[in-house]
Amino acid sequence: MKSGSNLERVLTEGKFAVTGELGPPRSADPEAVREKLQYLKGMVDAVNITDNQTAVARMASIAASAIVVQEGMEPNYQLVCRDRNRIAMQADILGASALGIRDMLCLSGDHQVFGGDPKSKKVYDIDSIQLIALVKKMRDEGKFLNGDDIDVPPKMFIGAAANPFADPFEFRVYRLAKKVQAGADFVQTQCIYNMVRFREWVKQAVDMGLTEKVYIFAGVTPMKSLGMARYMKNNVPGMDVPDWVIDRLKGVEKKKAASEGIAICCEQIEEFKEMQGVAGVHIMAIEWEKRVPQICEQANLLPRPTF
Amino acid sequence: MIVAEIKSLEDLKRMLEGYKQVLTVGCGGCTSVCLAGGQKEVNDLNTKLMLTAKEEGATLETKGFTVERQCEPQFVAELDRLVGSCDAILSMGCGAGVQFLAERYPDIPVFPALNSLFVGINKDVGWYEERCQCCGDCVLDQTGGICPRTMCAKGLLNGPCGGPQDGHCEVDKDTPCAWVQIYERLKKQGRLDNMLEVRPAREWEGQVQGSVVLDAYKHRYTKNDE
């Protein structure tokens with residue numbers, strides 16, 4: 001075992017894995033983390049803890065992850081390249097491991113112009129692929145980036161993100177290959193709505209032998225409403241929302257749109273379970289954690305394996 | 001060239017408040033080319049400053065002089081005969097020019113009239129775009145002649161990130177994604193293999209003040225203790 005995390009065990013046992021997501025609060029209140037977490041208990045194998053998502057300052061992902069550990073659940077600690085240089089990142093990776101965090105997700109991070117501090121100074125000392133390689137080097141070689149020895153190396157199951165829908169499409173699978181080459185153990189994708197394109201991307205990954213080296217999680221976000229679907233289609237970078245999604249939500253009464261959104265999500269999950277090359281699903285119910293139990297139930301993902 | 005733009009008149013008035021004899025110094029180099037700090041701009045600015053002072057009932061005398069380049073000692077030396085009568089110098093050079101003047105005339109306050117913006121190119125008349133961040137470790141040989149450090153909003157060495165859509169960068173629909181452009185150009189040149197290797201974390205140059213002495217001149221500036 002590389003990190004001995006719950007997620008790693010679920011995957012190495014060949015079980016279809018499930019991850020959830022929790023955005024830390026814009027406050028110092030640990031109860032806000034615990035409150036969201038209660039909906040995810042027993043529903044998912046690990047919970048992504050976002051790192052200042054959308055470039056807005058929030059409770060540190062490492063702190064919220066530590067609270068998740070205290071609560072007996074497993075965090076997938078997200079770390080973005082936007083805000084920290086290699087000194088701070090290496091320190092945080094050691095600190096995260098010391099706090100019992102065993103999964104982490106290496107990301108570039110949304111550019112700060114999207115957030116609350118568009119004139120803050122960007123860092124990007126290293127990029128997401130270099131971060132993956134850095135964590136791998138620390139874990140497997142017991143070395144810092146500069147080659148110095150680490151007495152007790154961190155234990156981390158290394159995650160990366162992939163967006164099969166961004167440009168240029170034909171390069172996307174090669175970018176996945178670069179992340180695998182750098183040392184990613186698992187990959188979580190951007191929210192999938194365009195199933196045609198996703199199937200094609202996964203097939204490419206299978207054909208290139210990548211799915212034998214990395215576990216791919218298909219990302220899903222249930223639509224709460226027609227308005228949300230339209231917003232995601234038109235305003236969220238890197239999001240590909242085909243018209244059929246809009247049409248299905250349009251086709252039901254307004255108060256039934258949420259159920260329809262969940263139904264779409266569960267149908268997708270059922271397909272992912274059967275899709276060659278897909279090892280799990282990553283459920284990003286944005287500010288809608290309380291519906292995760294329903295989704296897991298309806299998509300026949302329960303009970304989650306225990307060890 | 002270094003591209004700069006003039007500060008607001010309000011900013012300049014605030015800097016010059018209380019000074020009565022100002023020497024405005026233009027630069028015939030980059031800032032002249034980007035129409036921010038050449039002889040014409042010196043004259044225009046002095047006229048504006050005088051008019052404003054007059055409107056506000058203040059006393060202000062201005063002189064203007066444009067040197068060939070504010071970053072060269074022999075050109076800056078031409079100012080020696082002019083600075084005696086002034087109580088402030090307003091430089092229309094880049095930040096390097098301002099500092100070089102301040103270094104030569106340490107007894108006189110030297111103020112910047114411009115904000116230096118970037119190293120760029122002249123796309124068309126009055127249209128300048130950034131192209132280089134002087135990072136000290138050029139990778140343009142591998143990136144189809146497009147600088148990812150400068151042209152990618154995140155400065156990624158292993159791009160593109162997950163953001164580009166319809167060829168534009170996630171930060172702005174009018175900004176092309178540098179890595180999509182790099183991809184297209186390398187594809188055209190049959191050099192896509194350059195996109196496949198994982199580029200390691202770079203060693204950043206320029207983390208302390210830069211200084212270069214050419215080998216051929218080292219003997220001039222290095223003390224030989226032997």
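Derivation of every value follows stated rules applied to the coordinates shown; laboratory data play no part. As the structure is a prediction and not an experimental result, all values here were calculated from the model. Reconstructed Cβ throughout: ideal geometry from the backbone, glycine too, with neighbour counts over all protein chains shown.
Under unit Cβ charges (Lys, Arg +1; Asp, Glu -1), what dipole magnitude, rounded to 20 debye, does the protein assembly as shown have relative to its Cα centre?
Dipole of the protein assembly as shown, to the nearest 20 debye: 820 debye.
Amide H of A:K2: which non-local residues (sequence gap of 5 or more, or other chain) have their own amide H closer than 5 Å, using H built in the peptide plane?
For A:K2, whose amide H was placed from the backbone, there are no distant partners under 5 Å.
Straight-line reach from A:K15: which lysines have Cα under 19 Å away, leaving out those fewer than 8 places along the same chain?
Cross-link targets: A:K2, A:K41, A:K213, A:K273.
So what is Rg over Rh here for region B:2-118, counting just Cα atoms and using Kirkwood for Rh?
That ratio equals 0.93.
Among all the aspartates and glutamates, which ones have a C-alpha under 14 Å from B:K7's C-alpha, if same-chain residues fewer than 8 places away are not counted?
Qualifying aspartates and glutamates at Cα under 14 Å: B:E41, B:D44.
How shielded is A:109-115 by partner chains, expressed as the average number of their Cβ atoms within 10 Å of its Cβ atoms?
4
Within chain A, which DSSP H helices have Cα atoms that stretch 24 Å or more along the helix axis and a mean Kyte-Doolittle hydropathy of at least 0.0?
Long hydrophobic helices here: A:257-274.
Can you pull out the GluC sites (Glu not before Pro) in region B:14-56 that DSSP calls coil and that have at most 11 other Cβ atoms within 10 Å?
Filter output for region B:14-56: B:E17, B:E56.
Just to be sure I follow: if Rg is taken over the C-alpha atoms of region B:135-196 and Rh is the Kirkwood radius over the same atoms, what is Rg/Rh?
0.95
Between A:V281 and residues 5 or more places away or on another chain, which pairs have amide H atoms under 5 Å apart, with H built 1.01 Å from N, and which residues are they?
Here the answer is A:A17, A:V18, A:T19, A:A218, since their amide H atoms fall under 5 Å of that of A:V281.
Cα-Cα pairs above 11 Å in region A:74-124: how many percent?
Above the 11 Å cut-off, region A:74-124 has 71 percent of its Cα pairs.
Show which lysines lie in cross-link reach of A:K256 when reach means a straight Cα distance below 23 angstrom and same-chain residues fewer than eight apart are skipped.
By straight Cα distance, A:K256 reaches A:K224, A:K233, A:K290.
Pop out the ³J(HN,Hα) list for region A:8-21 in order, Karplus 6.51 cos²θ - 1.76 cosθ + 1.60 with θ = phi - 60°, rounded to Hz; leave Gly and Pro as x.
4, 5, 4, 6, 5, 7, x, 7, 6, 8, 9, 10, x, 9
In a shell of Cβ-Cβ distance under 14 Å around A:E287, excluding A:E287 itself, what net charge do Lys and Arg (+1) and Asp and Glu (-1) give?
Summing Lys and Arg as +1 and Asp and Glu as -1 gives +3.
Kirkwood Rh, chain A, all Cα pairs: how many Å?
19.6
Roughly how many whole Å is it from the C-alpha centroid of region A:18-45 to that of region A:63-133?
Comparing the Cα centres of region A:18-45 and region A:63-133, I get a distance of 17 Å.
How far, in degrees from 0 to 90, does helix B:95-104 lean away from the longest principal axis of the Cα atoms of chain B, to the nearest 10?
Approximately 40 degrees, to the nearest 10.
Please list, ordered by chain and number, the residues whose modelled amide H lies under 5 Å from the amide H of A:A162; skip anything fewer than 5 residues away on the same chain.
Hits under the 5 Å cutoff: A:Q188, A:T189, A:Q190.
Mean projection of the alpha-carbon convex hull of region B:94-226 over all orientations, in nm²?
Answer in nm², one decimal: 13.9.
How many angstrom lie between the C-alpha centres of region B:1-74 and region B:126-150?
Each part reduced to its Cα centre gives a spacing of 31 Å.
Calculate the mean, over all residues of peptide B:148-161, of how many other protein chain Cβ atoms lie within 10 angstrom of the residue's Cβ.
6
If we count other beta carbons within 10 Å of each Cβ, what is the order of A:H282, A:H111, fewest first?
By the 10 Å Cβ count, ascending, the order reads A:H111, A:H282.
Give me the Debye-computed log₁₀ of I(q)/I(0) at q = 0.08, 0.09, 0.12 Å⁻¹ for the protein assembly as shown, equal point scatterers on Cα only, no solvent, two decimals.
Taking Cα atoms of the protein assembly as shown as identical point scatterers yields -0.65, -0.77, -1.09.
Could you tell me the distance between the Cα centroids of region A:193-255 and region B:153-226, to the nearest Å?
33
Counting only other chains, and only Cβ atoms inside 10 Å, what mean value do you get across the residues of A:157-164?
Across the residues of A:157-164, the mean count of other-chain Cβ atoms within 10 Å is 1.
What's the magnitude of the charge dipole for chain A around its Cα centre, counting Lys and Arg as +1 and Asp and Glu as -1 at the beta-carbon? Answer in Debye, nearest 20.
The calculated dipole for chain A is roughly 440 debye.
Could you check what % of the DSSP bridge pairs in the protein assembly as shown are antiparallel, to the nearest 5?
Taking every DSSP beta bridge with both residues in the protein assembly as shown, the antiparallel ones total about 20 percent.
B:A102 versus A:A60, label points 7 Å from Cα toward the beta carbon: distance in nm?
Computed distance between label sites B:A102 and A:A60 equals 3.6 nm.
Could you give the angle, 0 to 90 degrees to the nearest 10, between helix B:39-55's Cα long axis and the longest principal axis of the Cα atoms of chain B?
50
Please compute one quarter of the surface area of the Cα convex hull for chain B and express it in square nanometres.
With the hull built on Cα positions only, its mean projection is 18.1 nm².
Just to be sure I understand: of the beta bridges DSSP finds with both ends in region B:1-118, what percent are antiparallel, rounded to 5?
20
How do the peptides A:24-34, B:198-208 rank, highest first, by the average count of neighbouring beta carbon atoms within 10 Å per residue?
Order by mean packing, descending: A:24-34, B:198-208.
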